[in-house]
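The values are calculated or read from the model by the stated rules, or taken from the named source; none is laboratory data. On a predicted model such as this, the values are computed, not experimentally measured, just so you know. Don't worry about glycine lacking a Cβ; one is built from the backbone with ideal geometry, like all the others, and counts go over all protein chains shown.
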Amino acid sequence: MVAHAQRSPFDHAPCFEDMTSSLQSTARQPKGMLKETREVVALARKFKEEVMRPITLSMDRQMQKDPEYLPWEFVRKANEWGFYTLWVPRIFGGKGYNSPSMSYFLEELGSECLGLSNLIGVHYLAVVTMFATFNIRLINKLLREVEDGQKTGIPCLLSLAITEPGAGTDVEEVELVDKGNVGCQATKVEGGYLINGSKIFISSGHVSRWHIVICYEDLKNPSDTMLVLPVKTGSKGFSFGRKEHKMGVKICPASELNFEDCFVPDDLVLMNKEQNQKNRRNNKQTNSQMIDYVVSTSRAGVSAWGTGAARGAFENALDFAINTEVNGKRLVNHEWAQAMLAEMYKNVAISRLSYVETNYANGLCGLYKTIQFKPLFYYFKIVPKIVIDYIIRPIINLPVTTWVFRKIQLDGQTDAQFHRTSGWASLAKFTGTDAGVKNCQMALEIMGQAGLRQDRRAEKILRDSKLLQIYEGTNQLNRINLFKCLAAQGHSQVRVFEHE
């Protein structure tokens, strides 16, 4: 009898590539990204000091008194500063800053107020969802309205409508969506689709002009019949429902969207089963890939918000410790306080590193791969606007352009790349958001009774940071997704997202 060697579980330990996206990116990443990122951080700090800090606490109190208040004044101010086009590529009318720089921007603003930062950041959640369909003609059409909104001073924001009353986290995983209770249905009719159903907890819904709606033709088989349809505010059959009354992130409305025979014409369909027939993967796999492109970028952004919350809590606790005496000695000079503050600083640093590594992975293997390709990156920086308007824009509207981008991004992404971006995004998401909550709790320990006062900011940051733990999939789901994508790779006997 031949003895078979027992395989060690460490034979399938995370591979070198899974851990070194930043190292591999050193030579491939355009050097111009560093300069841009410095500009973005400087701009965020200026906006935080001049616009956000004077109103953060008063806006929180305003929402406490009047939960139906809509922050149009702030949205207009952000629009004046150009924030709703800052990360839109120049060929679509934006300023074309590199996408990873947005995470640093969100951390900076999030360290002051997660709610106000949300009013900027969640707009790009919808933008990213459009990009993940790679429907170049429609991306150009909708983003040109955003550009016009900046020029006219009438903001054009977008929201992503995915969460439903009976399905929250379920809709973010193809293994779960068929088990969820989805109810937003799109029925094919002559010339387009009719949407019926509702969406809830839609960030910035009440202040958005367009809503990128994820819906399904067959509610019993949603994973294989998903559609991505844009709906404009004011469309027949569309209406706003209630605004959620939240504990934190109050200033950014969480909206209910209702659809009753809301018609979307065929020429506005961002993605459906018919379009996906030309892809290498089957429709269910393509739908999963599209959603994963979205969350692999958005979870890095939520991690940046969590890092911002952790940093805001640390900075407030440090300021309190420096200016408070205990037993005749400054609190900051007590070793126990120094140890706690060091732990809080560590939480900020590790959280930041996790979202940075995720963005490197997205640049190598994910949504940012094409736009960070050096020749394209520099070409779209220097090409004159007249060339964009009269040569590139007509090409963008050709069906072949969408076909090419889908071939590159959808057919070109391997399963290993898919798992790397998804796994790292989940790691960053729960690392950053858990760190935000933990640092807030530690800040309250250091500040004691004073930390419960609103003007001390620590209690507000804690209220805001709790919501991040369920944004973009609960942290429990993200832990399981990390296990599926990275920790359990190579183990054929492992099953995830199955009922016990």
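Taking the condition of being over 24 Å from Glu357 (Cα atoms) and charged (D, E, K, R), how many residues in the stretch 415-459 meet it?
6
Suppose we filter the stretch 137-172 for residues that are on the phi < 0 side of the Ramachandran plot and in a loop (DSSP other than H, G, I, E, B); how many remain?
9
Within the bounds of the stretch 214-228, is there any residue that is in contact (Cβ under 8 Å) with a residue 60 or more places away in the chain, more than 21 Å from Gln275 (Cα to Cα) and not small (Gly, Ala, Ser)?
no
Give the residue, chosen from Ala428, Ala487, Ala450, Ala435, that is aliphatic (A, V, I, L, M), touching a Pro at 6+ places or on another chain (Cβ under 9 Å) and farther than 22 Å from Met52 by Cα.
Details: Ala428 fails: touching a Pro at 6+ places or on another chain (Cβ under 9 Å); Ala450 fails: touching a Pro at 6+ places or on another chain (Cβ under 9 Å); Ala435 fails: touching a Pro at 6+ places or on another chain (Cβ under 9 Å).
Just a single option satisfies the conditions, and that option is Ala487.
Scan the stretch 92-101 and tell me whether some residue there is in a loop (DSSP other than H, G, I, E, B) and either free of Cβ contacts under 8 Å to residues at least 24 places away in the same chain or in the same structural domain as Lys243 (by TED's automatic domain parsing) (or both).
yes
If you check Ile446, Ile386, Ile392, which single one turns out to be touching a residue at least 40 places away in the same chain (Cβ under 8 Å), over 24 Å from the mean Cα position of the chain (by Cα) and surrounded by fewer than 21 Cβ atoms within 10 Å (Cβ to Cβ)?
The match here is Ile392.
Could you tell me which of the residues Thr169, Thr163 is of a type in the set (Ser, Thr, Tyr), touching a Gly at 6+ places or on another chain (Cβ under 7 Å) and either at pLDDT below 95 or outside the structural domain of Ala313 (by TED's automatic domain parsing) (or both)?
Among Thr169, Thr163, only Thr169 is of a type in the set (Ser, Thr, Tyr), touching a Gly at 6+ places or on another chain (Cβ under 7 Å) and either at pLDDT below 95 or outside the structural domain of Ala313 (by TED's automatic domain parsing) (or both).
For the stretch 127-152, how many residues are under 19 Å from Trp81 (Cβ atoms) and either touching a helix residue (DSSP H, G or I) at 6+ places or on another chain (Cβ under 9 Å) or not hydroxyl-bearing (Ser, Thr, Tyr) (or both)?
Selection size over the stretch 127-152: 9.
Picking from Gln454, Gln476, Gln417, which residue would you name as being assigned by TED's automatic domain parsing to the domain that holds Glu343 and closer than 21 Å to Lys246 by Cα?
Gln454
Any residue at all in the stretch 447-467 that is farther than 30 Å from Asn316 by Cβ and touching a helix residue (DSSP H, G or I) at 6+ places or on another chain (Cβ under 9 Å)?
No: the stretch 447-467 contains no residue that is farther than 30 Å from Asn316 by Cβ and touching a helix residue (DSSP H, G or I) at 6+ places or on another chain (Cβ under 9 Å).
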